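We did not get these values from a lab; they are worked out from the coordinates using the rules stated. Model, not experiment: these values are computed from the prediction. Virtual Cβ from ideal backbone geometry, glycine too; neighbours counted across all protein chains shown.
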Amino acid sequence: MIELDNLSIRSGPFALDHVNLSIPEGAYAVLMGGTGQGKTTILEAICGLRKVTGGRVLLCGEDATRHKPADRGVGYVPQDLGLFPMMSVRGHLEFALRVRRSPPALIRQRVDDLARLLGIEKLLERHVQNLSGGEAQRVALGRALSFRPRILLLDEPLGALDEITRDRLCELLRTIQRQSRLTTLHITHSRSEARLVAERLIVLSAGRLAERPLADLDVLPAAAGEELRSPPVERRTHVSRSTSG
């Protein structure tokens, strides 16, 4: 479960004030909104990479506002993936487990399980500079999942992929989320991507978060991710004043 309680964030001239959000445990929520609204800032505040100036971040019912990132149980895939260029795929999948000093046998088993789940068994010894876009996305996802987080945050994870690869990864994300019951918050500007994964739609507009029906994806403008429009009103050529409707 993810809850933001009256959260405020300052970063230079940019500010978000009195932000509230509630995502139930095990739900897959998509966060949309115009460029520069603060979507990434909200994810960074949840995972502990952005200091908050007021309010609370509650994760799985616990106040995590002052917790260090490593103590929040949150897996995070940033927009640029954050892969280490000189590290192998195996090294990325091992990274969080080694930081947490997990036993070597557990690390080996977890890496094997993740590689099989993500379809990257043959890539384990490859360095990330030699990966395709879709392969790199799978590695970043595997690193985020390696330590079995309770919550998964995804910042435009599929934005640079072709449509076929994106659709396959959307299917993979939903499969993983259903199997693990991870509470997931996924930023995207793509209506079609949101349709493939979302159980809940959250819109950030003018500094406020609001949950909207999934049907509202149909009234997003062509430049997906800008503010939602109201549904079109049916035009009538003749309206009788005596008609009550």
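Extents of the chain, taken as max minus min of Cα coordinates on every principal axis and listed largest first, are 79, 42, 33 Å.
Inter-label distance, THR35 to PHE95: 2.7 nm, where each label sits 7 Å from its Cα along the C-beta direction.
3J(HN,Hα) along the range 151-168: 9, 10, 10, 10, 9, 6, x, 10, x, 9, 9, 6, 4, 5, 5, 4, 5, 5 Hz, from the Karplus curve 6.51 cos²θ - 1.76 cosθ + 1.60 with θ = phi - 60°, whole Hz, x for Gly and Pro. Considering only PHE14, PHE95, PHE147, the mean-square fluctuation computed in a Gaussian network model of the chain, springs between alpha carbons under 10 angstrom, is largest for PHE14.
Run lengths n ≥ 4 of DSSP H only: what is the helix-derived mean residue ellipticity at 222 nm for the chain, with -39500 (n - 2.57) per run over all residues, to the nearest 500?
Values: 6 runs with 73 residues, N = 245.
Rounded to the nearest 500, the figure is -9500 deg cm²/dmol.
Need one number: % antiparallel among DSSP beta bridges in the chain, to the nearest 5. Can you show the working numbers first?
Numbers: 20 of 38 bridges.
Just about 55 percent of them are antiparallel.
Taking label positions 7 Å along the Cα-Cβ direction at both PHE147 and ASN6, the computed distance is 3.1 nm, reported to one decimal. Computed from Cα positions, the angle between helix 104-118 and the longest principal axis of the chain comes to roughly 40 degrees.
When you filter the GluC sites (Glu not before Pro) in the range 55-138 for DSSP loop state and at most 16 other Cβ atoms inside 10 Å of their Cβ, you are left with GLU125. Checking every one of the trypsin sites (Lys or Arg not before Pro) in the range 161-208 against DSSP loop status and a limit of 15 other Cβ atoms within 10 Å picks out ARG181.
Straight distance only, please: which lysines reach the Cα of LYS51 with their own Cα at less than 23 Å, same-chain residues fewer than 8 apart left out? Output for LYS51: LYS39, LYS68.
Relative contact order, percent, of the range 143-217 when contacts are C-alpha pairs under 8 Å separated by at least 6 residues? Working shown, then result.
Numbers: 67 pairs, mean separation 21.7, N = 75.
Here the relative contact order equals 29 percent.
For the chain, what is the relative contact order in percent, using Cα pairs closer than 8 Å and at least 6 residues apart in sequence? Worked out over the chain, it gives 27 percent.
For the pair the range 96-145 / the range 1-25, the C-alpha centres are spaced 32 Å from each other.
Using a Gaussian network model of the chain whose springs link C-alpha atoms within less than 10 Å, name the residue from GLN177, GLN129, GLN37 with the highest mean-square fluctuation. Checking each option, the largest mean-square fluctuation is seen for GLN129.
Could you line up HIS92, HIS18 from fewest to most neighbouring Cβ atoms inside 10 Å?
Details: HIS92 24, HIS18 13.
Fewest to most other Cβ atoms nearby, the residues stand as HIS18, HIS92.
The relative contact order of the range 85-148, computed from alpha carbon pairs under 8 Å that lie at least 6 residues apart in sequence, is 54 percent. Modelled spin labels at GLU125 and ASP80, positioned 7 Å past Cα toward Cβ, are 3.1 nm from each other.
Compared with the dominant Cα axis of the chain, that is its longest principal axis, helix 133-145 is turned about 80°.
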